[in-house]
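Comments concern the structure below.
The values are calculated or read from the model by the stated rules, or taken from the named source; none is laboratory data. Quick caveat, the model's predicted, so the values are computed rather than measured. As a convention, Cβ positions derive from the backbone with ideal geometry for all residues, glycine included, and neighbour counts pool all protein chains shown. Side chains included, ligands, DNA and RNA excluded: accessible areas come from the protein's heavy atoms. Shrake-Rupley method; radii C 1.70, N 1.55, O 1.52, S 1.80 Å.
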Amino acid sequence: MPAPERIPAGSLTAVDLLTRGELTVRGQIREASNAVLYCTVAYEEQSAACVYKPVAGERPLWDFPDGTLAQREVAAYEVSEALGWGLVPPTVLRDGPYGEGMVQLWVGPAADAEDAAAVGGAELLALVEGEEPGDGWKAVGFAEVGEGRTALLVHADDVRLRRLAVLDAVINNADRKGGHLVLGEDERLFGIDHGVTFNVEDKLRTLLWGWAGEKLPEEAVDALGSLQGGLAAGERLAGRLGELLTAAEVDAVRERVAALLAAGRHPGPSGEWPAIPWPPV
Ligand SMILES: Nc1ncnc2c1ncn2[C@@H]1O[C@H](COP(=O)(O)OP(=O)(O)O)[C@@H](O)[C@H]1O
Ligand SMILES: [Mg+2]
């Protein structure tokens, strides 16, 4: 095999660094349901923190084929890039100390920071008394909060969350909960943990139902239009998704994008699947 081409340090993109850098495991994220390893990746003088989820550490699920979650995470990144909103941290598929897996740039405070667990988008979600979400909030639904009491679950009426809701509708995300929202530098919002996505069945399960049935904003229609172009046969994105997903799953992405554009509205729950992940954080 020829040696990999050298690229001058300093000109590396995050994807290049994640792909070519040397991966060193620093620790394991304990609360995770799959093997999620906190790592550093280094190439010459550049380095970054990242997560590595080896395929071998994936917990089997009844409704997704075994050993495919890492590919789905990378496919979610590719679709996010095509929408142009940078919602998913750079994510690649590569070999690592425990075999092939997904490697994703770490966003938000370092894992060893004391408040690492508190970096989620918790302030974007709330439980409120009464039946009205209040100014600046959107209602998700009523939730049991113990002792027979219910409260209204709400999320912020926030442009970043609204974009994420559009991404989730496209990738058919079955697990958009509070802990999968991460605030990075400059108030940038990222979505993480996209292993249970791209099913051919409708599995959208999310906290971000606040815009269900509402007209899509113009920027979403534009972004979906360019995504649709990228999904046409022969385009780079279509080819890339074809490497990561089954042909039926790629077709289902095209169908969801076409349906969103035809309806011009945010989707509502299908009714066949619990629409809210529990617990919500
Ligand atoms: N790219 C990332 N940047 C920052 N934190 C992350 C990232 N990926 C995962 N984490 C942290 O690790 C935890 C577990 O990761 P997650 O992707 O949710 O794993 P699992 O598939 O096991 O649920 C997350 O809740 C989050 O706190
Ligand atoms: Mg998770």
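Between helix 69-83 and the chain, what is the angle of the helix's C-alpha long axis to the longest principal axis, kept within 0 to 90° and rounded to the nearest 10?
Between the helix axis and the principal axis of the chain, the angle is about 80 degrees.
Within a Cβ distance under 15 Å of residue 152, other residues only, what is the Lys/Arg minus Asp/Glu net charge? Mind showing how you got there, number by number?
Working: positive: 138, 149; negative: 129, 131, 132, 135, 144, 157.
Summing Lys/Arg as +1 and Asp/Glu as -1 gives -4.
What's the angle, to the nearest 10 degrees (0 to 90), between helix 218-230's Cα axis and the longest principal axis of the chain?
So the helix axis and the longest Cα principal axis differ by about 40 degrees.
With the calculation restricted to Cα positions, what are the radius of gyration and Dmax of the chain in angstrom?
19.0, 66
Where Lys and Arg each count +1 and Asp and Glu each count -1, what net charge lies around residue 37 among other residues with Cβ under 12 Å from its Cβ? Don't skip to the end; give the middle numbers.
Values: positive: 26, 30, 53; negative: none.
Local net charge: +3.
When the chain is treated as a GNM, springs tying every alpha-carbon pair under 10 Å, which of 191, 230, 146 comes out with the largest mean-square fluctuation?
Between 191, 230, 146, it is 146 that shows the largest mean-square fluctuation.
Within the set of other residues whose C-beta is less than 12 Å from the C-beta of residue 192, count the net charge using Lys and Arg as +1 and Asp and Glu as -1. Spell out each step's value before the answer.
On the way: positive: 53, 176, 177; negative: 73, 175, 193.
Here the charged neighbours net out to 0.
For a quick check of your reading of the filter: which GluC sites (Glu not before Pro) in the range 212-281 sit in a DSSP loop and have no more than 15 other Cβ atoms within 10 Å?
Working: sites: 214, 218, 219, 235, 243, 249, 255, 272; in loops: 214, 235, 272.
Listed in order of number, the matching sites are 214, 235, 272.
Could you calculate the contour length gain from residue 122 to residue 246, that is, 0.36 nm times the residue separation minus the distance between their Cα atoms, to one decimal place in nm? Write out the running numbers ahead of the final one.
Values: separation 124, 0.36 × 124 = 44.64 nm, distance 3.46 nm.
Result for the pair: 41.2 nm of gain on full extension.
Between the DSSP loop rule and a limit of at most 13 other Cβ atoms within 10 Å, which GluC sites (Glu not before Pro) in the range 17-81 are left? Mind showing how you got there, number by number?
Numbers: sites: 22, 31, 44, 45, 58, 73, 78, 81; in loops: 31, 44, 45, 58.
Listed in order of number, the matching sites are 31, 45.
Residues of the chain: accessible area per residue at 1.4 Å, in Å²?
Details: 13870 Å² over 281 residues.
Per residue, the chain has an accessible area of 49 Å².
With point charges of +1 on the Cβ of Lys and Arg and -1 on the Cβ of Asp and Glu, referenced to the Cα centre of the range 1-109, which listed residue (105, 35, 13) lies farthest in the positive direction of the dipole?
35
Angle, helix 159-171 long axis vs. longest principal axis of the chain, Cα atoms, 0 to 90°, nearest 10?
Helix 159-171 and the main axis of the chain meet at about 70 degrees.
Over the Cα atoms of the range 1-109, what Rg and Dmax result, in angstrom?
Rg, Dmax (Cα atoms, Å): 14.2, 45.
If you filter the range 15-72 for trypsin sites (Lys or Arg not before Pro), then keep DSSP loop positions with at most 13 other Cβ within 10 Å, what is left?
Details: sites: 20, 26, 30, 72; in loops: 30.
Those satisfying the criteria are 30.
For the chain, which whole percent of the accessible surface, found with a 1.4 angstrom probe, sits on carbon and sulfur atoms? Can you show the working numbers first?
Details: 7120 of 13870 Å².
About 51 percent, which is the carbon plus sulfur part of the accessible surface.
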